[in-house]
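Engineer: This is the structure I want to talk about, given as structure tokens.
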Amino acid sequence: MTALELARRGARVVLACRSRERGEAAAFDLRQESGNNEVIFMALDLASLASVRAFATAFLSSEPRLDILIHNAGISSCGRTREPFNLLLRVNHIGPFLLTHLLLPRLKTSAPSRVVVVSSAAHRRGRLDFTRLDHPVVGWRQELRAYANSKLANVLFARELATQLEGTGVTCYAAHPGPVNSELFLRHVPGWLRPLLRPLAWLVLRAPRGGAQTPLYCALQEGIEPLSGRYFANCHVEEVPPAARDDRAAHRLWEASRKLAGLGPGEDAESDEDSQPEDPGTPSSPSSPHPEEPTVSEFYPSPQSSTDRSTVTRRIPVKAELEPQAC
């Protein structure tokens, strides 16, 4: 729904998704519904750092602008996957951290530009243990804790990124979409329980269109640049608990994330067009230029999640014009 709204406004939208089949189908549907042919798919698996680097290389070689980057993909469960690292942190935070870092040169040359990180109210339950940050997650209790920790990492990342980018014209925001009635809600629920929960979901959860409103607000609303680094819910700034506004923890997470993302001392992303990331592997599908202000990511919580991101190549004058009832 986020990508659809951007496409309707005339943006060139790049959907960065793990599943080629679903990503290309989504891009086709969005072109049909929006009447905008500038919606394309590019392959990205956030669980693979090689895939993130390959995507960045392909994007930088084909897209002259990046006005808005929206990190919307994520997972809430490891499924049957057993990795030697924290898969939830990798997909929900480290992958987006690395991708943002590699795309910063293009964001800076496209400034004023924005980064939106989709977080969750679950960040309030998060507690980062830097001695066990990347330890594998096993069992549903650990998954619940790891998910909350990854959402706290999203909020701290937006906070530290704002500090790092002060004065560059690139601003960033953490956005909570609210509880949304989508396929994700029932994905991990036992089959016998779904018929009982489905009616309840319709009563108490937001429609996906409503869930898209706060990320869209952060991506498009004029005049919120002074609020860079803040956390938004229901289309307005919301205060966060002490753990989510701890600047020392945010900086410590930044340094730990650099190591977990495999960023070397020379990869400071301070140069501009020639800052093309070096790729350790995994090819990515080609893409073409993106014209307006956003980057959108589909929220696919599968073990190897993907990101649908919209990127825009030419800036179009837009106002938020969001749906007040959804916020």
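The values are calculated or read from the model by the stated rules, or taken from the named source; none is laboratory data. Computed from a predicted structure; not experimentally measured. As a convention, Cβ positions derive from the backbone with ideal geometry for all residues, glycine included, and neighbour counts pool all protein chains shown. When the accessible area is computed, the model is the full protein with side chains, heavy atoms only, and any ligands, DNA or RNA have been set aside. Shrake-Rupley method; radii C 1.70, N 1.55, O 1.52, S 1.80 Å.
Engineer: Hey, ALA243 hits all of (1) open to solvent by 50 Å² or more (accessible area, probe 1.4 Å); (2) over 18 Å from the mean Cα position of the chain (by Cα); (3) modelled with pLDDT of 95 or more but one; which does it fall short on?
Structural biologist: (1) is the only condition that ALA243 fails.
Engineer: Right, here's the next one. Output the residues belonging to the range 110-141 that are part of a helix (DSSP H, G or I) and open to solvent by 10 Å² or more (accessible area, probe 1.4 Å).
Structural biologist: Once the filter is applied, which keeps residues that are part of a helix (DSSP H, G or I) and open to solvent by 10 Å² or more (accessible area, probe 1.4 Å), the range 110-141 yields ALA121, ARG124, ARG125, TRP140, ARG141.
Engineer: So LEU152 passes all but one of these: (1) out of contact with any strand residue (DSSP E or B) (no Cβ under 9 Å at 6 or more places or on another chain); (2) farther than 16 Å from VAL118 by Cβ. Which condition number does it fail?
Structural biologist: Failed condition: (2).
Engineer: Then there is this: Is it true that some residue in the range 22-41 is on the phi < 0 side of the Ramachandran plot, in a loop (DSSP other than H, G, I, E, B), out of contact with any Phe, Trp or Tyr (no Cβ under 6 Å at 6 or more places or on another chain) and not charged (D, E, K, R)?
Structural biologist: yes
Engineer: Select from the range 168-188 the residues that are surrounded by 13 or more Cβ atoms within 10 Å (Cβ to Cβ) and either at pLDDT below 70 or among the acidic types (Asp, Glu) (or both) and list them in ascending order.
Structural biologist: VAL180, ASN181, SER182, LEU184, PHE185, LEU186, ARG187
Engineer: I would also like to ask the following. Have a look at PRO96, PRO64 and point out the one that is in a helix (DSSP H, G or I), assigned by the TED database to the domain that holds TRP254 and in contact with a Ser or Thr (Cβ under 8 Å, 6 or more places away or on another chain).
Structural biologist: Step by step, each of PRO96, PRO64 is checked, and only PRO96 is in a helix (DSSP H, G or I), assigned by the TED database to the domain that holds TRP254 and in contact with a Ser or Thr (Cβ under 8 Å, 6 or more places away or on another chain).
Every residue, every condition in (1) at pLDDT 95 or above; (2) touching a helix residue (DSSP H, G or I) at 6+ places or on another chain (Cβ under 9 Å), yes or no:
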| residue | (1), (2) |
| --- | --- |
| PHE97 | yes, yes |
| PRO105 | yes, yes |
| LYS108 | yes, no |
| VAL137 | no, yes |
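Engineer: Could you please give the count of residues in the range 121-161 that are under 14 Å from VAL91 (Cβ atoms), out of contact with any Leu (no Cβ under 8 Å at 6 or more places or on another chain) and polar (S, T, N, Q)?
Structural biologist: Adding up the residues that qualify gives 1.
Engineer: Another question, if that's okay. Taking the conditions exactly as written (at pLDDT 60 or above and within 28 Å of ALA43 (Cα to Cα)), does ARG206 satisfy them or not?
Structural biologist: no
Engineer: Filter the range 1-48 for residues that are among the hydrophobic types (A, V, I, L, M, F, W, C) and open to solvent by 40 Å² or more (accessible area, probe 1.4 Å); which is farthest from SER257 (Cα to Cα)?
Structural biologist: Among those that are among the hydrophobic types (A, V, I, L, M, F, W, C) and open to solvent by 40 Å² or more (accessible area, probe 1.4 Å), it is PHE28.
Engineer: Could I ask something else about it? From LEU165, LEU144, LEU152, which residue is assigned by the TED database to the domain that holds ALA219 and either at pLDDT below 95 or open to solvent by 10 Å² or more (accessible area, probe 1.4 Å) (or both)?
Structural biologist: That would be LEU144, the only listed residue that is assigned by the TED database to the domain that holds ALA219 and either at pLDDT below 95 or open to solvent by 10 Å² or more (accessible area, probe 1.4 Å) (or both).
Engineer: Go through the range 75-101 residue by residue and tally those that are open to solvent by less than 10 Å² (accessible area, probe 1.4 Å) and either over 25 Å from GLY264 (Cα atoms) or of a type in the set (A, V, I, L, M, F, W, C) (or both).
Structural biologist: Qualifying residue count, the range 75-101: 10.
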